[in-house]
Amino acid sequence: MRRALVVLALLVVQLLVGPGLLAGPARADEGARRVALIGVSGLHWNDLTQSDTPHLWQLAASSAIGSLSVRTVSNVTCPYDAWLTVSAGVRSAAGYRCGAPPKPRPEGEGAVIPDYRYLIDVAGQRGAGTLGEALKSAGQCSLAIGPGAALGLADQQGAVPHYRATPQQVTTADLERCRMIAMDVDDLVRPYLTGDRLPDVPDLLSPAARRDALRRADAQAGALLSALPTGTTVLLAGLSDHGSVPHLRVAALREPGAPGRLLGSASTRREDMSIVPDLTATVLTKLGVAVPSTVVGVPLQVGERGATFERLQRGDAAAQTMRSAKGQYFTALAVLQVVFYVLAFLLLRRRKGMSWVGVSAVALAALPVTSMLVNLLPWANHLQLFGGILAWWAAITALALAGPWRRRPLGPPAVVAGITAITLIGDLLTGTTLQLNSFIGYSAEQGARYFGLGNIPFALLATSTLLTATIIAHRWPGRVGLAAIVGLGAFAMVLGGSGMGSDFGGVIAFVPGIAVTALILAGRRVSLVKLGAFCVAGGVIVMTFAWINYLQPPSEQTHLGRFVGQVLSGEALEVILRKLQAMLGTLLSPNLMPIVIAAVAFLVYAIMRPDQASSGVVPAAFGHSPALRAGLIGTLVSGVIGMLVNDSGAAVLAMALALAVPLLLATGIAALRPAGDQDAEAPSDLARATR
């Protein structure tokens, strides 16, 4: 009876004062929630070997592992910007070509970053010190080892409470006192720095020199790992690039239950990929500290089993393969487009080779989507990549030209437009695996986007959807056709603007394109006032998507929701100006503007001088299908507005024209075929083809 009364009394006390009074020793709880962040600048998965990096190898082998996209603001990320991003929890940059972080000035047990307020007052990095301030406000002791770690843990005055220059200076008391430990291992990246700046070459060191640097970095990391208290959660991050070529870097999280699992993040919606701001959110969450609202990162997620070093090595290799050939791909695309329009102009003026021009037009329009479809095939090098693209290109072209629909002018264009639209919609519905590491999509190591609808794919989606819908409207005119345009267009727009696509500028551009197409098809007049109203409607719709996303928990927000937060905090203007600058830069692109100039010049001349320019091909296409004319005008409206509101700029209009104009010419040539070349179809087919 007495024992029961004692137990009851203890339960009452615990309910009144909380669990802390009756908890075990504080040190046991602290040990279980201690976090160590080890940043090894320049480390990627090819570096880890049992012979050269035994400590890092063992750490990664006992952790959940993934790839870290280290992109901050510039195309390549130096250690300074990487640690500054850890500090701010948002992509940050010092504001000039950078290299190593500044060396702190020791003050007692801690240190101060020299001229730290420059980052906030001059460079405009108002988020600098966010991590340090959050830890200080929560009463958490933090220990920084090395200059980068000091920058990462500094408060908004640039001060860190406890600082050691090397792990050899760290004592057991230091590690037991502080639950947050950050260490900058710069031995790997330091030999690359020239004049304290990252070099403008891909890889400055020889393989042997890099192995030597790796051994030194591993020894430094091992010195800390061997001294950490048992139960410490360890984060390993390859925090920066080491040359002029961006790479995916190492990310690892060691904690109970993590070994052998993938490490990803809701920021990227990839089970094996994360970004630098995620480290900030992860550290604070593991320590039980509230994550400030300005932090855009989210805690890392330990996922399914099946993580291997080889898988992550292949991910970076695929990104590098795609990246190294991307310029050549767009150059070839531009050359093919320009050569096509020049030859089409010369041949059509003389009414020669019209069938060949039609076949070439269909093939040219089928090319863009193949750079995504190739990701349905296994490829590991340039030969397999381009071989897969050529195989898809031949298959789509043959399908468009060989089926029974080939006898109808809109048959082959319908196949190409339909395949393009289905591919993009299917990719959005299944997690956008085809756009990742594709020429017209995005690459994770470049860090512009990790999921959703890219700007160039938006151009293809809008164009193919409008063309497919107008072909349906041609076949079933009237209310059915209008319903197809509005329904398919709205469906594709919602996919692009919702959480699946997360495309901001695409919705603004797509709404006017759909509306203009529908108005023209309905025989209504389109004015500048109406066009402006449609643009405003697109802006309202996308901001509605963004606001709904903003209301979600931070871990579920996309860049649409974060943009609302930037509007409320006054940071949106900087984002808009940066995107405007990027858009203007595309107007000088040698790979994009030739497509726009050649396609627009041919189209305008073909309309203004139909007999001289194209033997009346364009008027014939419009005469055969007024719906196609409405779709083309809607496509041009979406392409031009999309060029103005997206940072990809001219790429949006170029890709829209690359799909729409060749299909327009193919339709017109098919409609004129009996009056054209000597190899034309029999006149008996004309009536059926132009019905």
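Observations on the model:
- Order by protection proxy (mean Cβ within 10 Å, highest first), peptides 344-353, 455-464: 455-464, 344-353
- Largest-first ellipsoid semi-axes for region 345-445, taking √(5λ) over the Cα gyration tensor eigenvalues, angstrom: 29, 16, 12
- Percent carbon-and-sulfur accessible area, the chain, ignoring ligands, DNA and RNA, probe 1.4 Å: 63
- The chain: angle of helix 528-550 to the longest principal axis, Cα-based, in degrees nearest 10: 30
- Fully extended contour minus Cα-Cα distance, from Ala227 to Leu377, at 0.36 nm per residue: 49.3 nm
- Helix 411-429 vs. the chain, principal-axis angle (Cα, 0 to 90°, nearest 10): 10
- Virtual spin-label span in nm between Leu573 and Glu109, 7 Å along Cα→Cβ: 4.3
- Rg over Rh for region 408-546 works out to 0.99, using Cα positions for both radii and the Kirkwood form for Rh.
- C-alpha long axis of helix 572-586 to longest principal axis of the chain, angle in °: 50
- For the pair Val201 and Ser244, the difference between a 0.36 nm per residue extended length and the Cα-Cα distance amounts to 15.0 nm.
- Along region 134-151 the Karplus relation, 6.51 cos²θ - 1.76 cosθ + 1.60 evaluated at θ = phi - 60°, assigns HN-Hα couplings of 5, 5, 5, 5, 7, x, 8, 7, 10, 10, 10, 10, x, x, x, 5, 4, 5 Hz to successive residues, with x for each Gly and Pro.
- Distance between the pseudo-spin-label points of Val494 and Ser62 (7 Å out from Cα toward the beta carbon): 5.1 nm.
- Cβ charges +1 (Lys, Arg) and -1 (Asp, Glu), total dipole of region 375-488, debye: 540
- Dipole of the chain [Lys/Arg +1, Asp/Glu -1 at C-beta], most positive-end residue of Pro594, Leu665, Thr285: Leu665
- The charge dipole of region 39-134, taken about its Cα centre with unit charges on the Cβ of Lys, Arg, Asp and Glu (plus for the first two, minus for the last two), comes to roughly 280 debye.
- Antiparallel DSSP beta bridges within the chain, percent to nearest 5: 50
- Cα-centred dipole magnitude for the chain, charges only on beta-carbon of K, R (+1) and D, E (-1), debye, nearest 20: 1860
- Listed peptides 303-311, 253-261 by packing density, highest first (mean Cβ within 10 Å): 253-261, 303-311
- Ordering Thr321, Gly243, Val338 by Cα displacement along the dipole of region 233-367 toward the positive end leaves Val338 in first place; charges were set at the Cβ atoms of Lys, Arg (+1) and Asp, Glu (-1).
- Per-pair calculated FRET efficiency, R0 = 45 Å: Trp476 and Thr166 via Cβ, rounded to 0.05: 0.05
- Helical mean residue ellipticity (222 nm; -39500 (n - 2.57) per DSSP H run of 4+; nearest 500) of the chain: -18000 deg cm²/dmol
- Potential lengthening between Cys141 and Gln157 on full extension [0.36 nm per residue; Cα-Cα distance subtracted]: 4.1 nm
The values are calculated or read from the model by the stated rules, or taken from the named source; none is laboratory data. All values derive from a computational prediction rather than experimental measurement. No Cβ is skipped: glycine too gets one built from the backbone with ideal geometry, and neighbour counts run over all protein chains shown. Surface accessibility is based on the protein's heavy atoms, side chains included, excluding ligands, DNA and RNA. Shrake-Rupley method; radii C 1.70, N 1.55, O 1.52, S 1.80 Å.
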